[in-house]
Amino acid sequence: MATAGNPSALAAQARRVYVEALLQGVPPTIKAVVQGAQRLAAERAEPQTAHKRQNTAMDLLKPAPFWQQGLIDALSAGPNVPLAARSPASSTGGLRSTHYGGTDLNSLQLVDDDTIEVEILSSRLALAMMDRASWEFTDLRARMSSLERREELDGADVLRPHVVARTVIDTWRTAQLTLEHWRTIQAVLHAAFGELVEEAYHETNRWLMSEGVRPEIDLRPLIRRSGGVSASAIPVTTGFGDLGGDGHGGGRRANVAVAAPSGSDVSEETRLMTRVSGLSRSVGHAEAVLGRLNKLVNRQVPQFADTLHPTTPASAGLRRAISEAQTGLQQQLTITGRDRGPVSGPQLVQELQQRKQALKQAASTPVERATIEIVALLFQSILMEEKIPATVRVWFARLQMPVLRVAIGEPDFFATTDHPARKLIDRMGACVMGFDVSSRAAGDALDKEIKRVVQVVEAYPDTGRRVFQTVLTEFEKFLEHYFRNENEATRKGVSLAQQVEQRETMAIQYTIELRKMLNEVPVQEGVRGFLFHVWADVLATTALKHGAAGDATKAMKRAATDLIWSAGAKVSREERADVLRRLPPLLKTLREGMAGAGLPQDKQDEHIQSLNDSLAAAFTAKAAAIPAERLDELMARLEDLEEMLPDADDLQIDESIVMDLSGHESTELQIVTEGGSMPTPAMMSWARELQVGGWYMLEHRGAIEPVQLAWQGMRKQLSLFVSQHGRGTLFQQHRLASFLQAGLLVPAQDEALTVRATRSALAKLDADPERLLG
């Protein structure tokens, strides 16, 4: 019997619940695939693509019932599905070891391309499932681990996404559907089966919770750093609301150290856990959570679905009640804060809970009552978030009534992640929810700005989303100013990073213009390379230090002209003598310029030696000399170089064109030039989506410390993270993605504040859906 005292039986029953949820979901999932293929076939596309889609949609109709039955039969076989437990092809590029009777014959067997393709498509499906269901799977795996007293699920456990993924694709082929068919509608398949496993995980988690299985979810045993480096704890939530019985939800706190696992036996999803924080922040994850919320609410309040798109103003009685609640809350919190100091999370929740009942009594429709309940649950979770400082928490509490007003008037608040009210809460939360609440001084500029934002929202109750969008834009501008000018820990680092970017941008501009200028000038290749790769940076550095019209900058420009002349062919004795006379002061100027740009002595020596070789070659060159008038023209163009530089906004700065940044290293600013893992396109995209103000845990040069994203440069090619002690760490975009990929840079908050609050609300509504109607 599955009881709390029999954890093995509970674990076995949980697998049966999971399989049963899959079986129930198979028919609608197959139907969704068929309909999705038909919709895809109806879309406009290139003729060849359109033809393939149409053929696939037609070819799918007849075998779809056989595929459905085959999938049901395979899943019904039991928790461990032999069909999907086949050993995948080794990573040795199409070769695998052969074993007979447990004996390794040390033989290698070629694996055909078809088998490798199946493995690839199966892995992609498993990845899509993890993208969609990462949090549900993480929580379920932790619960199963607590029941079975072991760290990992078996490799062939039906709970693993790759097991179900392989079963899906094997039964697809058994039904006489081809891999070409699969590839044609791959996106449809990923979406349909991602939703299937997410719902199955969710149902299994819900059942385990109803059986009292509510462990404190600690992911540290499941995720290991390569090389055995210990990681600092990063706070996350379990995703199941009130697990600790405190009556306020928000989830227990857990600790997770996210990094790349090691070992050949690590499963596909364990490897994927290095990316779970980034995946959970994706729009797809947030929209999936909102989708589940809407499904649940629609079952209890069918009218709720009808209000998700049109604007539906609140009833007159509710509008009055919201205004009264907002005024009363402002007065109460002002008095309490003045007399007793910062108000605690439980006090705020209790105060808002009392006002919720009055609001429900004033509501005139089931939809209004359901909306009141959902918004109350969202803010209950937010206000119990321990990482929000007490001085700021009260301002989040005062946002509840304005958000309730906009949620009733604009119900797409529950349907889209892009609503400005959600984005404002998430941005403010990300900025204040660092690792050490006590390190921030109460009443600093950030606290004051959040206070101002909330007061502006309160002052314009009838403007709906417009006021939220306005203050969101203002808050983004404030952050840029705050980190650059007001925050003591970040101000110097941002200034240094901006100088780095300005220097890099100018060096690129100089390089582009020098290439144009020397395009038709017969200059020795070694000198040409020195001018493009070294002297352009010297010109940029000197111009930044002394100004474009400064004497030092003019001297560096003259040195460039003298070098070009010296490197030209010399056909007469007088010209050669002139070169020898002018060379020592020229080399001295070149060394001074390189030293000013931060080049070390050995690099200077290397460049000077290379130039000497080039100049020696010029003595014996048979090419024509550079005419004097051409040199005068070059000098004139160099003098006015700044006026001809391309606009910085038009530059496409990427990894291939940005100079070596190591010369910018200082005690206040460290440059990350190596480390991490090869980033995927998805990780590159995530690196571009990071927003200023967010907190992260960074592992670099043997140290692990919390850092805040304080600045991003042009097109986000450079990103500056600053520690609480003011030390800056500068990343180029590709290296930033590499650190995210390897788990060396991990977000402090595993998901957006409103997404976490929505999941907490879902857990409470799952447990007691009747509260929507109360």
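Some observations on this one:
- Flag for residue 359 being under 30 Å from residue 292 (Cβ atoms), assigned to a helix (DSSP H, G or I) and either at pLDDT 90 or above or not polar (S, T, N, Q) (or both): yes
- Just one of the listed residues (698, 736, 720) is within 20 Å of residue 500 (Cα to Cα), part of a strand (DSSP E or B) and touching a strand residue (DSSP E or B) at 6+ places or on another chain (Cβ under 8 Å), and it is 720.
For every residue, the table says whether it meets (1) surrounded by fewer than 18 Cβ atoms within 10 Å (Cβ to Cβ); (2) of a type in the set (A, V, I, L, M); (3) modelled with pLDDT of 80 or more.
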| position | (1), (2), (3) |
| --- | --- |
| 256 | no, yes, no |
| 284 | yes, no, no |
| 298 | yes, no, yes |
| 304 | no, no, no |
| 309 | yes, no, no |
| 350 | yes, no, yes |
| 354 | yes, no, yes |
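- Test result for residue 636, open to solvent by 40 Å² or more (accessible area, probe 1.4 Å) and modelled with pLDDT under 85: yes
- Boolean, residue 592 is over 21 Å from residue 542 (Cβ atoms), open to solvent by 40 Å² or more (accessible area, probe 1.4 Å) and not aromatic (Phe, Trp, Tyr): no
- Filtered residues of region 125-143 (kept if charged (D, E, K, R) and closer than 17 Å to residue 209 by Cβ): 136, 139, 141, 143
- Some residue of region 511-526 being polar (S, T, N, Q), farther than 28 Å from residue 612 by Cβ and open to solvent by less than 30 Å² (accessible area, probe 1.4 Å): no
Condition check ((1) of a type in the set (S, T, N, Q); (2) within 30 Å of residue 206 (Cα to Cα)) across all residues:
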{"position": "7", "(1), (2)": "no, yes"}
{"position": "50", "(1), (2)": "no, no"}
{"position": "54", "(1), (2)": "yes, no"}
{"position": "59", "(1), (2)": "no, no"}
{"position": "65", "(1), (2)": "no, no"}
{"position": "71", "(1), (2)": "no, yes"}
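- Within region 110-160, the only residue that satisfies the criterion of being modelled with pLDDT of 85 or more and aromatic (Phe, Trp, Tyr) is 137.
- Restricting region 450-489 to residues that are free of Cβ contacts under 8 Å to residues at least 12 places away in the same chain and charged (D, E, K, R), the residue that is surrounded by the most Cβ atoms within 10 Å (Cβ to Cβ): 452
- Just one residue in the set 153, 159, 179 is in contact with a helix residue (DSSP H, G or I) (Cβ under 9 Å, 6 or more places away or on another chain), open to solvent by less than 10 Å² (accessible area, probe 1.4 Å) and either aliphatic (A, V, I, L, M) or closer than 29 Å to residue 63 by Cβ (or both); that residue is 159.
- Flag for residue 75 being more than 24 Å from residue 156 (Cα to Cα), modelled with pLDDT of 90 or more, assigned to a helix (DSSP H, G or I) and not β-branched (Val, Ile, Thr): no
- Among the criteria (1) surrounded by fewer than 20 Cβ atoms within 10 Å (Cβ to Cβ); (2) closer than 15 Å to residue 59 by Cβ; (3) in contact with a Leu (Cβ under 8 Å, 6 or more places away or on another chain), the one residue 185 does not fulfil is (1).
- Scan of region 528-559 for residues that are over 12 Å from residue 589 (Cα atoms) and hydroxyl-bearing (Ser, Thr, Tyr), ordered by number: 541, 542
The values are calculated or read from the model by the stated rules, or taken from the named source; none is laboratory data. Remember, predicted model here, so these are calculated numbers, not experimental data. Every residue, glycine among them, receives a Cβ derived from its backbone with ideal geometry; neighbour counts consider all protein chains shown. We work out accessible area using only protein heavy atoms, side chains counted, and drop any ligands, DNA or RNA first. Shrake-Rupley method; radii C 1.70, N 1.55, O 1.52, S 1.80 Å.
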